[in-house]
Amino acid sequence: MKFQALREQVCEANLATVKHGLVALTWGNVSAVDRNRGIVAIKPSGISYEELTPENMVICELASGSVHPGPFDPSSDTPTHLHLYRSFPSIGAIVHTHSSYATAWAQLARPLPCYGTTHADHFRGTIPVARPLSGDEIAGNYEHAAGVSIVDTFCANHLNPDHVPAVFLPGHAPFVWGPKLRPAVDNAVALEEVACMALLMGAGHNAAPSPLDPRIVDKHYSRKHGADAYYGQATTPKRGIIPS
């Protein structure tokens, strides 16, 4: 079957969200883009995770949104995914879930500040809430408008989608992304965990705790991301003295 490798990877990532407890029923979807070939693979709409196979992943054209022939329709959230891919060229994969704690933040329509280093390891600062949709947007191409609202929010607040790879759609649920499928799934897992921690701290109430010192946020984020990252194992092992 055409695009078999991409189909297999996207199917595996969708199943990983189940393994991590991020989805129930048919809620949620994962996609990935192949920019060289100009295609996106995404979960089919309304199909249970038990039925997912690489063969029923749906292929769409990135530029036009046209769907390749096949037995299934793509996720109803496909227009949101496509708009994010077109607007954020560094994104390679997107994860949309209705995981309990992250969705609670979305339904509260409140940004999630960085309260600790666990958050800072994955997100360089506050997780934003996308702007509300207008009545015309809701009545029109609703899912495309959701993507537009996310991009508008990042542009208006000068946010780097590589540094803050997540957003809450107010009253809906989170969208999370990454340069590849594995980091995108990891970011979705991390968002659920830090959203849970924040709610356990009482951050969903009026008496919210203080956000983490921004200098520590930057330090922890930079340990894992960017040119000076030093967390994890390098391709070429480094040998030397650990600085005191």
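The values are calculated or read from the model by the stated rules, or taken from the named source; none is laboratory data. It should be emphasised that the depicted structure is a prediction, and the values quoted were computed from it without experimental measurement. For neighbour counting, all protein chains shown are included, and Cβ atoms are generated from backbone atoms with ideal geometry for every residue, glycine included.
Among the residues of region 78-130, just one is under 21 Å from His20 (Cα atoms) and of a type in the set (D, E, K, R), namely Asp121.
State yes or no: is Asp77 charged (D, E, K, R), touching a residue at least 40 places away in the same chain (Cβ under 8 Å) and touching a strand residue (DSSP E or B) at 6+ places or on another chain (Cβ under 7 Å)? For Asp77, the condition - charged (D, E, K, R), touching a residue at least 40 places away in the same chain (Cβ under 8 Å) and touching a strand residue (DSSP E or B) at 6+ places or on another chain (Cβ under 7 Å) - is met. Going residue by residue through region 160-167, is there one that turns out to be more than 23 Å from Arg35 (Cβ to Cβ), at pLDDT 95 or above and surrounded by 14 or more Cβ atoms within 10 Å (Cβ to Cβ)? No, there is no match, as no residue in region 160-167 is more than 23 Å from Arg35 (Cβ to Cβ), at pLDDT 95 or above and surrounded by 14 or more Cβ atoms within 10 Å (Cβ to Cβ). Could you please let me know if Ala156 is crowded, with 16+ Cβ neighbours inside 10 Å, of a type in the set (A, V, I, L, M) and either at pLDDT below 95 or closer than 21 Å to His83 by Cβ (or both)? No; evaluated as a whole, the condition is false for this residue.
Total residues in region 113-137 satisfying the condition of being in a loop (DSSP other than H, G, I, E, B) and within 22 Å of Thr103 (Cβ to Cβ): the figure is 14. With respect to the conditions (1) touching a His at 6+ places or on another chain (Cβ under 9 Å); (2) at pLDDT 95 or above, Glu137 lacks only one, and its number is (2). Number of residues in region 67-114 that are among the hydroxyl-bearing types (Ser, Thr, Tyr), at pLDDT below 95 and surrounded by fewer than 20 Cβ atoms within 10 Å (Cβ to Cβ) equals 1. Does Ile59 satisfy the criteria of being of a type outside the set (Ser, Thr, Tyr), outside any helix (DSSP H, G or I), surrounded by 14 or more Cβ atoms within 10 Å (Cβ to Cβ) and at pLDDT below 95? No.
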